[in-house]
There are 2 protein chains.
Amino acid sequence: MSAASGTGFLAGAPHRGAGESFRAVDPGTGSPTGPEFTSWTSAEVNEAAAQARTAFEANRELPERWQAGLLRDLAARLGAERDAIVETARAETGISVARLDGELTRTRNQLSGFADVVEGDGFGEPVHDPADASATPPRPDLRRMLVPVGPVAVFGASNFPLAFSVAGGDTASALAAGAPVLVKGHPSHPGTSEVVGACVAEAVAACGAHPGTFALVQGAGTEPGSALVTAPEVRAVGFTGSYAGGRALTALAAGRPEPIPVFAEMGSLNPVFVTTAATGARLDAVAEGFVASMTLGAGQLCTKPGIVFTTAGREFATRAAALLAESEPGPLLNRATLDAFESGIRIPAAEVVTTAGPRTGPGLRTAPVLALARLADLRREPALLEEHFGPFAVVVDVDSDDDFLDAARLLPGSLTATVHSEPEDHERLRPLVTELVERAGRLVHNGFPTGVSVSGAQTHGGPFPATSDSAHTSVGWTAIRRFQRPVTFQDLPEPLLPPVLRTTTSVEKEEQ
Amino acid sequence: MSAASGTGFLAGAPHRGAGESFRAVDPGTGSPTGPEFTSWTSAEVNEAAAQARTAFEANRELPERWQAGLLRDLAARLGAERDAIVETARAETGISVARLDGELTRTRNQLSGFADVVEGDGFGEPVHDPADASATPPRPDLRRMLVPVGPVAVFGASNFPLAFSVAGGDTASALAAGAPVLVKGHPSHPGTSEVVGACVAEAVAACGAHPGTFALVQGAGTEPGSALVTAPEVRAVGFTGSYAGGRALTALAAGRPEPIPVFAEMGSLNPVFVTTAATGARLDAVAEGFVASMTLGAGQLCTKPGIVFTTAGREFATRAAALLAESEPGPLLNRATLDAFESGIRIPAAEVVTTAGPRTGPGLRTAPVLALARLADLRREPALLEEHFGPFAVVVDVDSDDDFLDAARLLPGSLTATVHSEPEDHERLRPLVTELVERAGRLVHNGFPTGVSVSGAQTHGGPFPATSDSAHTSVGWTAIRRFQRPVTFQDLPEPLLPPVLRTTTSVEKEEQ
């Protein structure tokens, strides 16, 4: 079993930064855990970016779709290191072994799934419009495909130390595009980053790619991240984290001499609407499902349902509060998250219906809090319409289901929006569903938003402020598109065309 | 024949702005032409944006894919008004009737082509991943499609008064997405904008869409454009114009409380590489093609070849200069363009090889200018690597074809890159082609970059500074994607799904 030793990875080898030192904290105990790590300086980040550029060029010599092998090899290595990864992540994040085990499986499946996409027929979206002399004006031979943008910077998230971190969705989709990846590991779980990063570095070597194809930048301050986003070689950024963090990186990227896109997934309220018919038929079941979803990962999931609208507001809140009182509070991911949570949820406009006070021990535990408000309260208290990262939610009591549409119009962009209804509601719900399409990337019916399947039809994205670019998803196969750009080849002779665009490609393949 | 009367369009009706007045100038004579127009105030723009939002919601009641009918109806109306449109545009732009006639045909074909795309099977890219209880975790039923982002602001370009203006590619692709469009007409051709805008307003009415689906904002200053980009209802911007203009709008959009994307097509150098074998085999033919492409539209096309690399530099430049001396100088589009051109091309590092001095009359005519430089000159004179909008280009004399790769690495992002070569060159050209893929959206072989076919395989885009977002094209069917975003529907009951995502859609269609 590989233990963390306090490094990142530069050009395929372990590398300790020259900056200040930091250590992870076990949220379950509040005590430091694992070895000492050091932050990378801007100069070290720049070296990694230069290596990534070199790798981008060197990897062109590899066989087409080489990255599929890298993705599969990495999935296998993560499986072989399962025990080390899960135990390190448990100590650094306070997340249960069972959930981390599932997250690792999901992360491996995600890598294999992207490998399948890379090897599939549609990869790169090749299109061929043959020459047409009869067109006005005559059309030349045009062939189009998507190519990788170049080196990509990825910021690991605190709340998914595996699935949205060093070998997570952003890394997997950037590698699938054929782009080198520079990961800024989250300082809450540097050891997990290192153990996973070692697997990535080994996979890169095993598949014959240039060692600059991957770097793991460690750091507790803002310097290494800023250096990554401003490095000229970096062509795009994937980020999952706070609204403030996402906005800062977006501004930094826009201010470069050559601006680059930042695909930031930030905060999300994830509203839930429960019709009167649905509370009438199954209030207890909906409240149970809601409490389970709200407290999953101690409320630190980006798809946590943060606000519920129902005509049975008090009844729903009372039932949910009773369930919450029975739940075991989980620790938050780090001290800063705990502090932000406990100060952020003091909202005078809402009535707190949970009975437990904040439980601050052992470690970074805190009790879930449920608040009850009226629709009018949302209009005068903006804090009720903001994400509170952690186990907090608001139940909004409305007069009738007809108020849902007005309520929806108050909502900021979210990753998800959920409706619980009965068949007799469907016809009347159309305007609400239409409105929610404007405000979310995924609509959920009679379910809960946590649990994001990795598939072709998935959208994990949504209007601002949920993300910085609602045209994309950060989960699912089309996440690759963030790191690709189209290029058209006009009348190019076959030897100069990318193999996938050659007319003779399929014949050649058969002959091999 | 409909003549311009000095209006824009608001909510389906002609509207005169309350701001300052301005008139078009006939570049052929330098004298004012057409009626007096007035700039719209911010308040008037905001009213148009509010109408567009209302239209976006109202149009949901129309039959699915209603916009195909609008696009076809508009194409027909532009045909019926051909004489008025072409004559007004000729007077306002100095572009020949023959070219304008072709541009109108192209614009109509573009509208019909987008209508075909809207009615095609793949429109909205629907994807369905059925529920899979055996997956870990179990996968719900997921259906994904692209939906319109909301109202779109389009900035008309000066150099294509039809194809990149009021009913041009940005408008056509936004309407195809199902988005209302607010066009800021270019102040150089307000009458053309009005006559075309009348066709759009009539087409909107004829197809039963809400009158707010289209507005034509007139204005000579920056106020109406700024108001458009900052209007909260506007969700995306399409722009074709100068680097400075594109950067200003991008910054404005990024600074909004809710940032929106700006798809700006700005300046492009469009490099051309001619191998020694190609100059040996057909120097005259390449020089002729180059001169024709460089002077098309008086050098004011975004794909004008602005720089040529060849080992036969002086010979090529001398031959091209002789051809240019025989050419008839066309007028530039407006006084500001002429002034910028004549001051911008005084570049001490390069030798001017054309013999004619700037010809400033009649009207806004100016003579084409060709300069000759060495590769080393590019390293010390940044102006040689900038777009000069108008009939100017640089021939760069290199020592050998091996210098092409170094030259390519100096180049900024372009819309296009062109290579002229002979079969014996192909193998050696691979590294150059690979480098050019990094630096352009379209590679052209043994041709010239002007003339942009509207088709599925087209890319009219490219790395910064050619565009603000290299992931997209502004010409061709995938231009629609700029104005769409994905939404996933999880376990939604059939009646609440968009028709195209319903399982029973095809059966229902057959029954109708």
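The values are calculated or read from the model by the stated rules, or taken from the named source; none is laboratory data. Everything numeric in this text was worked out from a predicted model, so none of it was measured. No Cβ is skipped: glycine too gets one built from the backbone with ideal geometry, and neighbour counts run over all protein chains shown.
For this structure, a couple of remarks:
- Residue in region B:49-63 that is assigned by TED's automatic domain parsing to the domain that holds B:Val234, within 18 Å of B:Gly150 (Cβ to Cβ), outside any strand (DSSP E or B) and of a type in the set (Lys, Arg) present: yes
- Residues of region B:111-158 satisfying the condition of being within 22 Å of the chain's Cα centre (by Cα) and not hydrophobic (A, V, I, L, M, F, W, C): B:Ser112, B:Gly113, B:Asp116, B:Pro148, B:Gly150, B:Pro151, B:Gly156, B:Ser158
- All positions within region B:442-455 that are within 16 Å of the chain's Cα centre (by Cα) and not polar (S, T, N, Q): B:Arg442, B:Pro449, B:Gly451, B:Val452, B:Val454
- Number of the condition not met by A:Arg23 [criteria: (1) farther than 30 Å from A:Ala367 by Cα; (2) touching a strand residue (DSSP E or B) at 6+ places or on another chain (Cβ under 8 Å); (3) of a type in the set (D, E, K, R)]: (1)
- Failed item in (1) surrounded by fewer than 19 Cβ atoms within 10 Å (Cβ to Cβ); (2) modelled with pLDDT under 95; (3) over 20 Å from B:Glu92 (Cα atoms), with B:Ser400 passing the rest: (2)
- Residue match in region A:283-295 (condition: under 29 Å from B:Glu258 (Cα atoms) and aromatic (Phe, Trp, Tyr)): no
- Of all residues in region A:422-460 being in contact with a strand residue (DSSP E or B) (Cβ under 7 Å, 6 or more places away or on another chain) and more than 7 Å from chain B (Cβ to nearest Cβ), the one that is surrounded by the most Cβ atoms within 10 Å (Cβ to Cβ): A:Ala440
- Where a residue in region A:225-253 is within 12 Å of chain B (Cβ to nearest Cβ) and its partner, wherever it lies, is among the hydrophobic types (A, V, I, L, M, F, W, C) and surrounded by fewer than 19 Cβ atoms within 10 Å (Cβ to Cβ), with Cβ under 7 Å and at least six apart: A:Glu233/A:Ala50
- Of all the numbered requirements in (1) farther than 25 Å from A:Glu387 by Cα; (2) crowded, with 24+ Cβ neighbours inside 10 Å, A:Arg256 misses one, and that requirement is (2).
- Test: residue in region A:184-192 that is of a type outside the set (Gly, Ala, Ser), crowded, with 24+ Cβ neighbours inside 10 Å and within 14 Å of chain B (Cβ to nearest Cβ): no
- The set of residues from region A:183-215 being outside any helix (DSSP H, G or I) and in contact with an Asp or Glu (Cβ under 7 Å, 6 or more places away or on another chain) comprises A:Ser188, A:His189, A:Cys207.
- Looking at A:Arg16, A:Arg53, A:Arg82, A:Arg77, just one residue is surrounded by fewer than 17 Cβ atoms within 10 Å (Cβ to Cβ) and over 19 Å from A:Ala157 (Cα atoms), and that residue is A:Arg82.
- Among the conditions (1) surrounded by fewer than 19 Cβ atoms within 10 Å (Cβ to Cβ); (2) of a type in the set (Asp, Glu); (3) within 14 Å of chain B (Cβ to nearest Cβ), A:Glu47 misses just one, which is (3).
- When A:Thr459 is tested against (1) in contact (Cβ under 8 Å) with a residue 24 or more places away in the chain; (2) at negative phi, just one condition goes unmet, and that condition is (1).
- Qualifying residue in region B:275-282 (condition: crowded, with 23+ Cβ neighbours inside 10 Å, in a loop (DSSP other than H, G, I, E, B) and of a type outside the set (Lys, Arg)): yes
- Checking each residue of region B:366-383 against the condition of being of a type in the set (D, E, K, R), crowded, with 18+ Cβ neighbours inside 10 Å and in contact with a Gly (Cβ under 8 Å, 6 or more places away or on another chain) gives no match.
- Whichever residue in region B:88-105 is more than 14 Å from chain A (Cβ to nearest Cβ) and among the polar types (S, T, N, Q) and, among such residues, is surrounded by the fewest Cβ atoms within 10 Å (Cβ to Cβ): B:Ser96
- Those residues of region A:127-142 which are facing chain B (nearest Cβ under 9 Å) and free of Cβ contacts under 8 Å to residues at least 24 places away in the same chain, in sequence order: A:Val127, A:Asp129, A:Asp132, A:Ala135, A:Thr136, A:Pro137, A:Pro138, A:Arg139
- Members of region B:6-47 that are touching an Asp or Glu at 6+ places or on another chain (Cβ under 9 Å) and in a helix (DSSP H, G or I): B:Ser42, B:Val45, B:Asn46
- Test: residue in region A:202-224 that is acidic (Asp, Glu) and within 16 Å of the chain's Cα centre (by Cα): no
The rows are residues; the columns are (1) of a type in the set (A, V, I, L, M, F, W, C); (2) in contact (Cβ under 8 Å) with a residue 12 or more places away in the chain; (3) assigned to a helix (DSSP H, G or I).
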residue: B:Asp83; (1), (2), (3): no, yes, yes
residue: B:Val86; (1), (2), (3): yes, yes, yes
residue: B:Glu92; (1), (2), (3): no, yes, yes
residue: B:Leu100; (1), (2), (3): yes, yes, yes
residue: B:Ser112; (1), (2), (3): no, yes, yes
residue: B:Ala115; (1), (2), (3): yes, yes, yes
residue: B:Glu125; (1), (2), (3): no, yes, no
residue: B:Ala157; (1), (2), (3): yes, yes, no
residue: B:Pro161; (1), (2), (3): no, yes, no
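- Enumeration of residues in region A:474-503 that are at the interface with chain B (Cβ under 7 Å from one of its Cβ atoms) and assigned to a loop (DSSP other than H, G, I, E, B): A:Asp491, A:Leu492, A:Pro493
- Unique match (being in a loop (DSSP other than H, G, I, E, B) and more than 26 Å from B:Gly169 (Cα to Cα)) among B:Glu328, B:Glu315: B:Glu328
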